[in-house]
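Just so you know, all these numbers are worked out from the coordinates, no wet-lab data involved. Since we're looking at a predicted model, the values are computed, not measured. Because the Cβ atoms are built from the backbone with ideal geometry, glycine has one as well, and the counts that use them run over all protein chains shown.
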Amino acid sequence: MAVVPEYPAQHILVATDFSESAEAALGAAARYARALHARLHLLHVFSGEEVEVTRLLADAAGKAGPDVGVTVAATGGDPAEEILRYASRQPIDLIVVGTHGRTGVSRVLLGSVSERVVRGTRCPVLVVPAPRPSAPSSPAPSGVALDDEETEQPAPVRPCLVCATPSHDLICEPCRARIRGEALARKQREERAGRP
Amino acid sequence: MTKRVLVPLDTTEATQDILPIAAMLASTGAAVRLIHVASVPDNVVTPQGRTVAYADQEMARVQALWSDSLGDTAARLHGAVDHAVRFGDPIAEILAEAEAFGADTILVTTGTRSSVKRALLGSVAEAMLRRAGVGVLLYRAPRDP
């Protein structure tokens, strides 16, 4: 049986705007680079004047750790376009982006930059979730129609109603699975009993 | 480092293209779980109304089929790779498995079905991104036009 060849990830691109979300992406990219012995490309796309870019990039490169080879680059322009341009000019195998940490009622899942990068490349793209906010986010403004799917918040941990194991749900997943199985078995028994 | 990776696989060939990426992740020491979500089968009934196979028998058959297939695939990947078969709604079951497995990353193939703009990410990928705390590795299959 043929062994599946490993996808060769030798050059990993992570773009940073020095935000918290970008920090999470940088952390993940650095861990991948270390584990895969890959080179990390750290790109900053600035808009307008930014005087501290060099220092900020050096700081960010330092966070990648001593055993990761880092290439830094900075360019001006549209972030998504420049990220895609960089990825196509360099032998990039993996792009790492943050989500811009959007939560709550936002309909935007990814930041617009991340979304355009995902749509614009054939490279695998790792979307790294923003670190969870330490305080629960403020409740949605009243009068706004809330769509359940859009406002999903991490539920507090409480004991499962059936087995009392701490769980994010009222009934924990193993119990739910068991209940589903029992319901299915009951349905099948009833169907069998009622068969002509 | 990514420690636990969930890899949903379905019948489309495009999902085979993500196996090299799964192999890459496994090579970094991550635990990889392959998962297939099948639809819950109905009883198999003849036109005359006679039931020839019950849903649970059909379920066992599908389960065995996919377990074999995923087991073969797992054997072709080096590292800590196991597999699971679930029945029901793909998104709900993948999310449930991600939680049960403690996945920190889900490997998702995108854009295999439709050119509709919204669908590019794929409904599974979108549902994954809604969940805080789980990373999503998106891969557009090369054979996708």
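Can you give the extra length, in nm with one decimal, that the chain gains between A:VAL53 and A:ARG158 once fully stretched, where that is 0.36 nm per residue apart less the Cα-Cα distance?
On the way: separation 105, 0.36 × 105 = 37.80 nm, distance 4.55 nm.
Length gained between A:VAL53 and A:ARG158: 33.2 nm.
For a footprinting-style exposure proxy, rank A:VAL72, B:VAL136, A:VAL4 by other Cβ within 10 Å, fewest first.
Values: A:VAL72 17, B:VAL136 26, A:VAL4 21.
Least crowded to most crowded, the residues run A:VAL72, A:VAL4, B:VAL136.
Given points 7 Å out from each Cα along the Cα-Cβ axis, report the A:HIS37 to B:ARG76 separation in nanometres with one decimal.
Placing both labels 7 Å beyond Cα along the Cβ direction yields 2.6 nm.
With r as the distance between the Cβ atoms of A:GLN90 and A:LYS187 and R0 = 45 Å, compute the FRET efficiency 1/(1 + (r/R0)^6) and round to 0.05.
Efficiency, rounded to the nearest 0.05: 0.20.
What is the sum of charges around B:ARG86, taking Lys and Arg as +1, Asp and Glu as -1, for the other residues whose C-beta is under 10 Å from the C-beta of B:ARG86? Each step should come with its number before you reach the end.
Numbers: positive: none; negative: B:ASP89, B:GLU93, B:GLU97.
Net charge in that neighbourhood comes out at -3.
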